[in-house]
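Presented below is the structure to which this report refers.
Read-outs: derived from the displayed coordinates by stated rules, not from any lab. A quick note: this is a predicted structure, and the numbers were derived from the prediction, not measured. Every residue, glycine as well, gets a Cβ built from its backbone with ideal geometry; the counts of neighbours run over all protein chains shown.
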There are 2 protein chains.
Amino acid sequence: MSRELTVSIDAMGADAGPSVVVSALVRSLQRHPAAKFILHGDETALNALLARWKTKFAHRVSIRHSAAHVRMDEKPSLALRRGRNTSMWRAIESVKIAEAEAVVSAGNTGALMAMSMFQLGMVEGISRPAIAALWPTTHGQCVVLDVGANVESDAEQLVDFAVMGEAFARAVFGLERPTVGLLNVGSEEAKGHDAVKGAARMLRNVALPMEFAGFVEGDDIAKGTVNVVVTDGFTGNIALKTAEGTARLVVGYLRSALKRSLLSRLGAFLASGALKTLRRKLDPRAAGGGMFLGLNGIVVKSHGGTDAFGFAAAIDMAIDMALGGINKSIAADRAGVSALGREAAVS
Amino acid sequence: MSRELTVSIDAMGADAGPSVVVSALVRSLQRHPAAKFILHGDETALNALLARWKTKFAHRVSIRHSAAHVRMDEKPSLALRRGRNTSMWRAIESVKIAEAEAVVSAGNTGALMAMSMFQLGMVEGISRPAIAALWPTTHGQCVVLDVGANVESDAEQLVDFAVMGEAFARAVFGLERPTVGLLNVGSEEAKGHDAVKGAARMLRNVALPMEFAGFVEGDDIAKGTVNVVVTDGFTGNIALKTAEGTARLVVGYLRSALKRSLLSRLGAFLASGALKTLRRKLDPRAAGGGMFLGLNGIVVKSHGGTDAFGFAAAIDMAIDMALGGINKSIAADRAGVSALGREAAVS
């Protein structure tokens, strides 16, 4: 890491409680010696958990007490109205008042999105935020967005997602001109509904630091055909969860097939190292949760059921996004989406 | 099989040529002793391929010559205008003139749909056809529709898909009251866009021979949460291809992990029977292609890249659908979608 930065953390969001978050924090403190952290949550609990690390990291961690936390099943609208004293609200507030550059939470996704939009607002030119997910591919990983912030998206919003996606791929994957594809039911130009066709017309006509690869199909995501896959939040969310379900199904089949005979049990025992590698590759913790893009501040959501390993990966992601200057790229590139591009969409 | 029936076959659609179709036909002739077949395609080629089976099955197979066949990359609109002399057109025609109850083709999906709609028309009350796919689950299989016949669907069309899906599950899975779920981004009532919310309101108010389970999410498909998953063709197609891509990714990871060390290679060798079982479970051939529902006649699409095993499974599927009387169920159940249900959607 090349410069100092501060990350704000909602310590109360994980299903397993603040101990997971504090363990992750200790990993991150060791991994990122130039990073500072503001920890929001129950002061007594956090002080106790941090006791043995206090002398070592005292100057790099500050604890801020908050009296409440957002429940996992709480309605986002309710959390927004009544949650000003929660660790989640306060953690976002640290970004709003610029004492931190990024916030990480494992709490209620809807509440985190509502509070972040309310407090941080949008990047200039972007009308709606998106949730981006990392996706394992045959030769690395790609980023898919939107995976659930919006249930419907028009052509212009899909173009915004493409801008946010290429900015992410440049900031985090370190690619100069990432390839971007629009998720569709076929790769031919005439396929799909008006929103994807309109977005394709615009993306062919804009000058952005990316390679627009046209339409891609569902199986192209895992193939790694492109670095960035753009879709509406309805389709993206269903694709993501369908993939998770399929991976679990295949691993379940494999497990029961390997238990069927003595010989295959022996085989499974001998290959257990390989099977562990497989599990690690498919482990959703490694992906570090979803990235909220388009907001005036970096917000990373870790899985509610995360462990310290997963929450630390989410912190890594937040730091990478901040150091990569993703929001400056989004604002600049969105401004560059020329009038020509906009006209192309309606012509 | 309890009664005689005739299946019409497009012998020229498979990528591997008519030999695959004839091998599949021989399997089906042995498997279904009460079934007859009409084979459409190049007479000389088909006679040669069938030569050694002729005496045994002569009374159950008739060959009909057609001079042309639809190419895989042909535009559906062009095939429809100029394809009257193709094996595909003629094979569908056999159903239209009621000399066969079902047609099976491994040819161009778009052309097969366009020609089937044109020649057969829709079941009374159904406005748009759907393509249904079988999906492996942790405890068997479910059916998902639409997986690509339509790029957008309103609430009323989603209700049609639910009717077609429950009729399919009753006819083919033999279930009395199949469970039906609407694919969405969350299971709560307020989630999703207008089409899914409207369809849910209607399905809660209609009296159909099914159990409406409300909204399901992407990972519920492979979990087998419901027997029938209803969605628009855009989302369904992307979910299906995403699942195929994910399964290939996981199997690829597994293969390379098993090759990494001598020990794991030995393990893979000992467990090779189990790994074969896994491959068979995930084999798309076993699913037998897509079923076109809502048409006045049974149309089954086998994968273009199918082998004899896969094409025979598609023939099995066509016979099951015909014997199960699926189209009578669809017509009757659609008529039963009461005015009450329709009102509920707009209220």
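Some notes on this structure:
- Gaussian network model of chain B, springs between alpha carbon atoms under 10 Å - residue of B:Ser302, B:Ser66, B:Ser127 with greatest fluctuation: B:Ser127
- Summed residue charge, Cβ within 15 Å of A:Phe215's Cβ, Lys/Arg positive, Asp/Glu negative: -2
- Calculated label separations, A:Ala51, copies of the chain, 7 Å along the beta-carbon direction, nm: 9.0
- For chain A, the number of Lys pairs separated by eight or more positions or lying on different chains, with C-alpha atoms closer than 24 Å, is 22.
- For peptide A:135-141, the mean count of partner chain Cβ atoms within 10 Å of a residue's Cβ comes to 2.
- Couplings 3J(HN,Hα) of the stretch A:24-37, computed from phi: 5, 4, 4, 4, 5, 4, 6, 6, 10, x, 9, 9, 10, 9 Hz, in residue order, whole Hz [Karplus 6.51 cos²θ - 1.76 cosθ + 1.60, θ = phi - 60°; x for Gly and Pro].
- If you take the Cα centroid of the stretch B:79-107 and the Cα centroid of the stretch A:1-28, the two points sit 64 Å apart.
- Stokes-Einstein D for the stretch B:23-95, Kirkwood Rh over Cα pairs, 37 °C, 0.692 mPa s (µm²/s): 245
- Net charge of the neighbourhood of A:Leu183, taken over other residues with C-beta under 12 Å away and scored Lys/Arg +1, Asp/Glu -1, is -3.
- Of B:Ile238, B:Ile126, B:Ile319, the one that fluctuates the most in a GNM where chain B has Cα springs shorter than 10 Å: B:Ile238
- Antiparallel DSSP beta bridges within the protein assembly as shown, as percent of all bridges there, nearest 5: 30
- Listed from fewest to most Cβ neighbours within 10 Å, the set A:Lys241, B:Lys259 follows the order B:Lys259, A:Lys241.
- Peptide A:262-269 has a mean of 5 when you count, residue by residue, the C-beta atoms of other protein chains within 10 Å of its C-beta.
- Global dimensions of chain A from alpha-carbon coordinates: Rg and Dmax equal 21.0, 67 Å.
- Alpha-carbon radius of gyration plus Dmax, which is the widest Cα pair, for the protein assembly as shown in Å: 27.6, 92
- Residues in the stretch B:244-250 carry Karplus couplings, in order, of 4, x, 5, 4, 5, 4, 5 Hz; the curve used is 6.51 cos²θ - 1.76 cosθ + 1.60 with θ = phi - 60°, and Gly or Pro positions show x.
- Per residue, the average separation of C-alpha pairs within less than 8 Å and at least 6 apart gives the stretch A:83-165 a relative contact order of 20 percent.
- Its DSSP H runs of at least 4 residues, each contributing -39,500 (n - 2.57), put the calculated 222 nm mean residue ellipticity of the protein assembly as shown at -15500 deg cm²/dmol, to the nearest 500.
- Top of A:Gly192, A:Gly41, A:Gly297 by mean-square fluctuation, Gaussian network on chain A, Cα under 10 Å: A:Gly192
- Remark: the stretch A:91-97, residue by residue, has Karplus-estimated 3J(HN,Hα) of 5, 5, 4, 4, 6, 4, 8 Hz, where x stands for each Gly or Pro and the curve is 6.51 cos²θ - 1.76 cosθ + 1.60 at θ = phi - 60°.
- Each other copy holds its own label point for B:Ala67; taking that point as 7 Å from Cα along Cα to Cβ, the gaps run 8.8 nm, nearest first.
- Listing B:Val123, A:Val172 from fewest to most neighbouring C-beta atoms within 10 Å gives A:Val172, B:Val123.
- Per residue of peptide A:183-189, the mean number of Cβ atoms on other chains within 10 Å of the residue Cβ is 4.
- Of the residues A:Met115, B:Ile38, A:Thr277, the one whose Cα sits farthest towards the positive end of the charge dipole of the protein assembly as shown is A:Thr277 (charges of +1 on Lys and Arg Cβ, -1 on Asp and Glu Cβ, taken about the Cα centre).
- Amide H to amide H, with H built 1.01 Å from N, A:Gly192 comes under 5 Å of A:Val185, counting only residues 5 or more places away or on other chains.
- Annotation: the residues A:Asp154, A:Asp333, B:Asp194, sorted from fewest to most other C-beta atoms within 10 Å of their own C-beta, follow the order B:Asp194, A:Asp154, A:Asp333.
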